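The values are calculated or read from the model by the stated rules, or taken from the named source; none is laboratory data. Source: prediction; values computed, not measured. Positions of Cβ are backbone-derived with ideal geometry, glycine not excepted, and every protein chain shown enters the neighbour counts. These accessible areas exclude ligands, DNA and RNA; they are computed on the full protein's heavy atoms, side chains included. Shrake-Rupley method; radii C 1.70, N 1.55, O 1.52, S 1.80 Å.
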Amino acid sequence: MGKSLVTLVNPNLVHPPITPYALDILTTSLEADGFDVDVVDLTFRRDDWWTVLREYFASHTPMLVGVTVRNTDTIYAQQQRGFLGDHRAIIDEIKMHSAAPIIAGGVGFSSMPFALVDYFGIPFGVKGPGEGIIVGLANALWSGEPPDTVPGLLVNRGGGRVEMVVPQLGRRGRPLSSPLNTTTSYTRRSGEPWKVDNLRYYRGGGLGNILTKNGCAYSCAHCVEPDAKGTHFTRRAVECVVDEMEALTAQGVYDLHTTDSEFNLVIAHSKNVLREIIRRRDTDQSTPLHNLKLWIYAQPTPFDDELLDLLVRAGCAGINLAPDHVRDDVLDGWKVSGGGRRFYTFDDVRALCAKIAKVELPVMVEVLLGMPGETAVTMTEAVRRTLDLDVAVAGYSLGIRAFPYSPLGIRMAEQCAGRRALPGLQSDSAVEPIVLRPRAMCDSVVEYERQFAFDDDGRFRPVYFLSPDLPEDPATIASPNGRWVNSVQMLWDLVPASEYHRVMLPTLPGITEDDNNYADNPFLLKLIELGYTGAFWSHWPQRHEIMQGV
C-alpha cells in the first residue's frame, strides 16, 4: 500500500489507438515516489466511456486525478475535427464522481495550457514534461502543503486567471530542478489491470513508442515542440532507453517508433543508443531486441554514413524524413536552427535518399506546402523535385495549424494586431473574420491562447494558415472559412497517375476516395483489422490491394 492513490485518465477516443506513453512515464515516477497509480484508459471503450468512469470511481477514491491531452484537434487543414469538447465532457464526468483535484497535461494541452486549464475548469495544469511536477503536487496534497510550493505548476485562480508557480532558475536561465526523469527506465507493461496495456495498443495500432530525448533547440516557424517540450535537448540515459526497448520487445511489441522531435538532431546521442542496441544483439542471442523493428523521424542533416550503418545494424525498419520543401527562398525564413540559420539544402535531401536507397531501407519524405511565400510555381517545383527522389512514399500536406507559441502563430497575431484579418488565416468553423491579437494586446495569457482555438462567442474555431498566393479565387481567400479547393485539385493534377500508388495527398470530398488523415482513417483501420504492424506509410503503396482483401 503506497502513500495514496493517483488516478491517470486517457481521454483519447481516436482510432487507430496510440499508446499513451505519457501515462507510463508519469506512472513510473509516481510509483518510484511511493504512490499507488491506476490508469483508466477510455480509448478502447470510446462508445461507453462514461460507464467506465462511473464504475471506476464508485469503488476508488484517488487523492489526485491526472488527464493527458495528446491533441487538441486533428491538426489537418482539410479535416478540422476538434477533440476538446470530448475531453471536457470526460473531465466533467470525472468531477461528478470524484472530489479529487484534477491536473491536465500532454503535448496538445501544452500548446495552450493556460486557456485549457480555464476551459476545462480544473484547478491544476502542467506545461511540458510533467513527471516531476505531478510528483511534487501529489506530495504537496499528501502532506498538506499548499500547491503553490510546486515549481512549474499551473494554478487556476478563477475568473479566467491562471498562473504558473515560478520555478527557481540557475545562472543560465534554466530551472534548477528538471521536470524530467532522465536517469531511469520508464516502466512499460502489458496485460496488467489499471495500467497502460502496451501489447494491446500494439495489436490495435501497429506501433509501440520510445523516447530517447526530449525538447528541441531548433526554431522552425510551424512547430510547437520547443515551446511545449523545452527549448533544449534533454537526453535520456542510453542504457535506460535500450532497457525499455528490451522490455517492450519481450512483451511482443516489436515495432517501435521514436517520439523524439527528430531522432538524429543530437547525432552523437542517437549513435550511442544504436550502439547499445547492437552491443546487446551481438552479445546475447536470447535478447528480444533481435525482433526489434525501429522506425524513426529524421531531419536531412546531420545524417552521416556511420549513422546509416548503425541504423541498419540496430534493426531500423524505415525512416520518415522531413525535408518539408525544396526551395531555399521558401525555407529560409521558416525551417531554421535556434540561431535562425538553415541547416540543410535540397541537395542534402537528394544525396541522403540515394544513400539510403542503396541499403534498401524504405523512406517516406514529408513535404509541407502552403506556408508563407508558397505560390503555384513553388508548389509545382516542390512536387516535381520530390517525386524524382528514390523513396517509397512522398507525402504532401497543405496548410498549417497556427498555435499561440509557434513562431508562425506569434507572427500572425502581430500582423493582425487586433485590427485586421490577415489573408490566409482560415478555419472551417469560422463565422466571422479571424482577427488575432498579440500577447501585449490581451488582458491575460488565457485570452491570448484561447483565440487560437475558440472565437469570441466560445465556439471551437481552430486557426490555420494557407498561403494566399496560391491559385485560389479572391472570394475564397477573403472568406474566413474558405476552402483551398483549387490548390488541392492542383496538387492532384501535378502528380502523374502512375505515381498515385506511392503518394499521399491532401483530400477533399469528391476528389478521391483516399484519405491520409490519421483520425479514424479507413485504410489504417483496415490494416489493423488484418494484423499489419509498422508505420502505416510503409503499407501505403499496397493500399488498394489491401482494402480489396488481395
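Charge tally around Val155: other residues with Cβ under 13 Å, Lys/Arg +1 each, Asp/Glu -1 each, net 0.
Around the Cα centre of region 69-216, unit charges on the Cβ atoms of Lys, Arg, Asp and Glu (plus for the first two, minus for the last two) sum to a dipole of about 520 debye. Only DSSP H runs of four or more residues enter the estimate; each adds -39500 (n - 2.57), and after division by the residues of the chain the mean residue ellipticity at 222 nm equals -10000 deg cm²/dmol. Here the simple spin-label model places points 7 Å from the Cα toward Cβ, and for Arg419 and Ala250 these points are separated by 6.5 nm.
Rolling a 1.4 angstrom probe over region 190-262 with all protein chains present gives an accessible area of which 50% lies on carbon and sulfur atoms. Near Asp36: Cβ cut-off under 14 Å, other residues only, Lys/Arg at +1 and Asp/Glu at -1. The net charge is -2.
Assign one of three labels to region 195-305, namely rounded, prolate or oblate, based on the Cα gyration tensor with a ≥ b ≥ c the square roots of its eigenvalues; rounded applies when a/c is under 1.5, prolate when it is not and a/b is larger than b/c, and oblate otherwise.
Oblate, since a/c reaches 1.5 and b/c is not below a/b.
Specify which labelled value, from [x] 4, 17, 24, 24, 19, 10, 2, 0; [y] 3, 17, 28, 29, 17, 5, 0; [z] 3, 11, 10, 7, 9, 11, 8, 6, 6, 7, 6, 4, 4, 4, 3, 1, 0, agrees with P(r) over Cα pairs in 10 Å bins from 0, in percent derived from the coordinates of the model shown. Computing P(r) over Cα pairs in 10 Å bins from 0, in percent and matching it to [x] 4, 17, 24, 24, 19, 10, 2, 0; [y] 3, 17, 28, 29, 17, 5, 0; [z] 3, 11, 10, 7, 9, 11, 8, 6, 6, 7, 6, 4, 4, 4, 3, 1, 0 gives [y].
Rounded to the nearest 20 debye, the dipole size of the chain about its Cα centre is 880 debye, using +1 on the Cβ of Lys and Arg and -1 on the Cβ of Asp and Glu. Local charge for Tyr464 was computed over the other residues whose Cβ lies under 11 Å away, with Lys and Arg +1 and Asp and Glu -1, and equals +1.
Karplus couplings for region 322-339 from phi (6.51 cos²θ - 1.76 cosθ + 1.60, θ = phi - 60°), rounded to Hz, Gly and Pro as x? Per-residue couplings from phi come out as 10, x, 6, 6, 10, 9, 4, 5, 7, 7, 4, x, 9, 9, 9, 6, x, x Hz.
Hey, what's the chain come to in accessible area per residue, 1.4 Å probe, Å²?
Counting only protein heavy atoms, the per-residue value for the chain is 39 Å².
Remark on Lys293: its backbone amide H falls under 5 Å from those of Asp255, Leu256, a criterion applied only to residues 5 or more positions apart or on other chains, H modelled at 1.01 Å from N. Would you please classify the overall shape of region 297-384 from the alpha carbon gyration tensor, given that a ≥ b ≥ c denote the square roots of the eigenvalues, rounded means a/c under 1.5, and beyond that prolate means a/b larger than b/c while oblate covers the rest? In terms of gyration-tensor shape, prolate.
Look at the Cα gyration tensor of region 1-69: its axes a ≥ b ≥ c give a/c of at least 1.5 with a/b at or below b/c, and that counts as oblate.
Which is farthest toward the positive dipole end of region 258-377 among His325, Pro362, Val349, measuring Cα position about the Cα centre, with Cβ charges +1 (Lys, Arg) and -1 (Asp, Glu)? Checked the options; the winner is Pro362. Shown here for region 311-399: trypsin sites (Lys or Arg not before Pro) in loop regions (DSSP other than H, G, I, E, B) with at most 15 other Cβ atoms within 10 Å, namely Arg341, Arg342. Unpaired Cys in the chain, meaning no second Cys C-beta under 4.7 Å: Cys216, Cys240, Cys316, Cys353, Cys416, Cys442.
I'd like the antiparallel share, as a percent to the nearest 5, of DSSP beta bridges with both residues in the chain. Mind dumping the intermediate values first?
Numbers: 16 of 55 bridges.
Beta bridges within the chain, antiparallel portion: roughly 30 percent.
Near the amide H of Val39, within less than 5 Å, lie the amide hydrogens of Leu8, Lys195, all on another chain or at least 5 residues away, with H placed in the peptide plane. Rounded to the nearest Å, what's the spacing between the alpha carbon centres of region 200-268 and region 345-387? Just the number, please. One Cα centre to the other: 24 Å. In the chain, excluding the sites themselves, the longest stretch lacking any of the GluC sites (Glu not before Pro) that are in a DSSP loop with at most 16 other Cβ atoms within 10 Å is 1-359.
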